[in-house]
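What follows is a set of notes on a single structure, which appears directly below.
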Amino acid sequence: MAQLQHDSGQQLLTITGGLMIGAEHSPTFAGSVRSAHEWNLPHEVLGPDDIRRRFPQFATTDHVVAFYETAAGFVHPEESVWAHVQQAMLRGADLHFSEPVTSWEADDNGVRVTTIRGTYEAEKLIIAPGAWAPQLMADLALPFTVTRQVLYWFEPIGNAEAFAVGKFPIFIWELPDGLQLYGFPLQPGVNGVKAAFFYRGPSCNPDLVNRVVSDEEITAIRAALAAHVPALNGPLVDAATCLYTEVPDHHFVIALHPQHANVVLASPCSGHGYKFSSVIGEILADLAVEGKTRHPIALFDTARLVG
């Protein structure tokens, strides 16, 4: 992302600090600590009193701890997508938009992709279809589920400055029932503070998804905010829906097609996968050009999901 910022001349990443809150043995906290140790990432472990002193916006109890990473932040997705598009065009990419793919096929001679406008042939193919993975990777019978997720923006009660960048970090709070509440600080040009649940939503058809946010859904997020970030339980400014493409272990699919070495598969194209887009793009380019990558991707192989 730093390279893209440099090449585009735009601010695409805002560093805010990141707070992972939960019980000491919760996956959110313990997993963050384990990852930081494995990859030698600078971090702090905060006790309940530390959290209350440094981040009084959170109504923490004596039963939670937090992992704090100063270098964490958020990517500006729309600006980043457009920056990637511009850089691809500058490097000679031929871009097509609003052109749904209907099918693809591959053999030893190459690949063919059919869309509503025509058929294209190439040596290699990367399939990264987001919520349409169940259809375009149907030959593998992988257990994909597309779920509808809801995002909310609330106007803080009282001092909105307490939720500005520099005072309020991005956060994920694993609640006692395992549900994760997450949020962002105030962003320039955005009304309200964003908050949502992670992995809470029904399965859906991406072509027929219900975009209306119900009163029951708003009530549920309000209850969580009232208990954990009370000043965020103010007026609802906006709500929107998005789609997650999931498999049972919640990890991605990033691999060469098991029957076609000239086809690369990628599922992390919806929801939380975007934050990893830069390194995933590098991996997919490696696999398409070299047939291998220096990055450890065994965790994302299709073999774990079949048989």
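Counting only residues that are touching a His at 6+ places or on another chain (Cβ under 6 Å) and of a type in the set (Gly, Ala, Ser), the stretch 24-80 holds 2 of them.
Report the residue count in the stretch 61-82 for those that are under 19 Å from the mean Cα position of the chain (by Cα) and either part of a loop (DSSP other than H, G, I, E, B) or not hydroxyl-bearing (Ser, Thr, Tyr) (or both). Total satisfying the criteria: 12.
Kindly evaluate ALA266 against the criterion of being buried (at least 18 other Cβ atoms within 10 Å of the Cβ) and touching a Phe, Trp or Tyr at 6+ places or on another chain (Cβ under 7 Å). No.
When you go through PRO202, PRO230 one by one, which is the residue that is farther than 30 Å from ILE126 by Cα and surrounded by fewer than 17 Cβ atoms within 10 Å (Cβ to Cβ)?
Residue meeting the stated conditions: PRO230.
For the stretch 198-284, the strands (runs of 3 or more DSSP E) that sit wholly inside it and include 2 or more residues that are of a type in the set (A, V, I, L, M, F, W, C) and in contact with a Gly (Cβ under 8 Å, 6 or more places away or on another chain) are 236-246.
Is there a residue in the stretch 24-33 that is in the same structural domain as ALA227 (by TED's automatic domain parsing), assigned to a strand (DSSP E or B) and either under 19 Å from the mean Cα position of the chain (by Cα) or not basic (Lys, Arg) (or both)? Within the stretch 24-33, not a single residue is in the same structural domain as ALA227 (by TED's automatic domain parsing), assigned to a strand (DSSP E or B) and either under 19 Å from the mean Cα position of the chain (by Cα) or not basic (Lys, Arg) (or both).
Residues checked against (1) without any contact (Cβ under 8 Å) to a residue 12 or more places away in the chain; (2) surrounded by fewer than 20 Cβ atoms within 10 Å (Cβ to Cβ):
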site: HIS25; (1), (2): yes, yes
site: ALA36; (1), (2): no, yes
site: GLN57; (1), (2): no, no
site: ALA66; (1), (2): no, no
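Applying the set (1) hydrophobic (A, V, I, L, M, F, W, C); (2) assigned to a loop (DSSP other than H, G, I, E, B); (3) out of contact with any helix residue (DSSP H, G or I) (no Cβ under 6 Å at 6 or more places or on another chain) to LEU142 leaves exactly one unmet item: (3). With the condition kept exactly as written, say whether any residue in the stretch 294-307 is assigned to a strand (DSSP E or B), more than 17 Å from ARG148 (Cβ to Cβ) and not aromatic (Phe, Trp, Tyr). Taking every residue of the stretch 294-307 in turn, none turns out to be assigned to a strand (DSSP E or B), more than 17 Å from ARG148 (Cβ to Cβ) and not aromatic (Phe, Trp, Tyr).
The values are calculated or read from the model by the stated rules, or taken from the named source; none is laboratory data. Since this is a predicted model, take the numbers as computed values, not measurements. When we count neighbours, we look across all protein chains shown, and the Cβ atoms used for this are built from the backbone with ideal geometry, even at glycine.
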